[in-house]
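Remarks on the structure that follows.
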Amino acid sequence: MTHAVAIVPAYNRADTVGATVTALRTVPDVLDVIVVDDGSADHTAAAAAAAGARVVEFARNRGKGAAVAAGVVASGAPEAYLLIDADVGDSAALAGELLEPVAQGLADMAIAVLGPPSRPSGFGFVKAFAAHVVRAQTGLTLAEPLSGQRAVRGSLLRSVEFAGRFGLEIGLTLDVAARGATIREVEVAFSHMPSGRDVRGISHRARIGRDVYRAVMSRIGAPRAAFHLLASLGSRVHVRGRRLRSLRLPSPRNAVSRLRSARWRRLGSRLRPASLRGMGNRIGLRQRRPSSDS
């Protein structure tokens, strides 16, 4: 049996956190559930405590990264951790499937691949950026690089420095991979509540994108982060119905060749017959018109 602690960061989730905690407590290897109330304005803390969780409360919102860090500090030294979002609800009972590869020593971190969302969610730009960075930096191709549902070996999670706010997941993936740890994705039928495509949802995803970019920049530097951002955006842009698969800059040789071609085209446009006639007039040449007598 693996001694696992589930950490649930929660912000204004009084509606779902109770069901999430209740479901997690049915997972055999989970011996403790810690909910970190990230400065909620509703009754998240009370709902979590009523369901049987230990609750850590923030006086103000500090973000997901800080919430998970506080949960790790409060956890002691378990063999494994489950990181579960507060909106997973009853489906959190499936967390044992996510924990299994870590418990069996097959992975140091397992990332859940969730089923399709119940409603249209984002446009995929932030996810594409995260996937591009992970692939370039680690060689891993992840279907869900920003999934918040994870199982992590205890000593490994306690050894990393958490990225701020919604940069938590991408920072964790890059840091774990940099230590040579094994990362696996596991299909688990967790349910969740994705943000929609209304103003509120777009604003939420914009904050996620900002935090993800900051986490990437702090780990690989601003120039490389900017390059990966442009490359991932290029892969998502459609031009006349065709998707740009990658964003490539021309080589110096090709750039010079294109410049020379452009110069020759401009020169050719100047040497059109009408232009030559105009040039002849300027230097005193006149076309002889046919005589009226002929």
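The values are calculated or read from the model by the stated rules, or taken from the named source; none is laboratory data. Here the structure is a predicted model, which means the values were calculated and not measured. Cβ placement follows ideal geometry from the backbone for every residue including glycine, while neighbour counts extend to all protein chains displayed.
A few points about this structure:
- Every residue from the stretch 196-222 that is at pLDDT 90 or above and part of a helix (DSSP H, G or I): ARG210, ASP211, VAL212, TYR213, ARG214, ALA215, VAL216, MET217, SER218, ARG219, ILE220, ALA222
- Any hit, the stretch 12-23, residues being surrounded by 24 or more Cβ atoms within 10 Å (Cβ to Cβ) and basic (Lys, Arg): yes
- Taken together, PHE125, PHE129 contain a single residue that is at pLDDT below 90, under 20 Å from GLY209 (Cα atoms) and among the hydrophobic types (A, V, I, L, M, F, W, C), which is PHE125.
- Meets criteria (more than 21 Å from GLY154 (Cα to Cα) and either of a type in the set (Val, Ile, Thr) or out of contact with any Ser or Thr (no Cβ under 8 Å at 6 or more places or on another chain) (or both)) for ASP87: no
- Among the candidates GLY39, GLY76, GLY52, GLY63, the residue that is closer than 18 Å to SER155 by Cα and either small (Gly, Ala, Ser) or surrounded by fewer than 19 Cβ atoms within 10 Å (Cβ to Cβ) (or both) is uniquely GLY76.
A quick yes/no check of all residues on (1) assigned to a helix (DSSP H, G or I); (2) of a type in the set (D, E, K, R); (3) more than 22 Å from ARG165 (Cβ to Cβ):
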| site | (1), (2), (3) |
| --- | --- |
| THR2 | no, no, yes |
| ALA6 | no, no, no |
| ALA23 | yes, no, yes |
| PRO28 | no, no, yes |
| ASP32 | no, yes, yes |
| ALA48 | yes, no, no |
| VAL55 | no, no, no |
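- The lone exception for PHE58 - which of (1) of a type outside the set (A, V, I, L, M); (2) touching an Asp or Glu at 6+ places or on another chain (Cβ under 7 Å); (3) closer than 25 Å to LEU142 by Cα it fails: (3)
- The single residue among ALA95, ALA66 that is closer than 23 Å to GLU187 by Cβ and either at pLDDT 95 or above or aliphatic (A, V, I, L, M) (or both) turns out to be ALA95.
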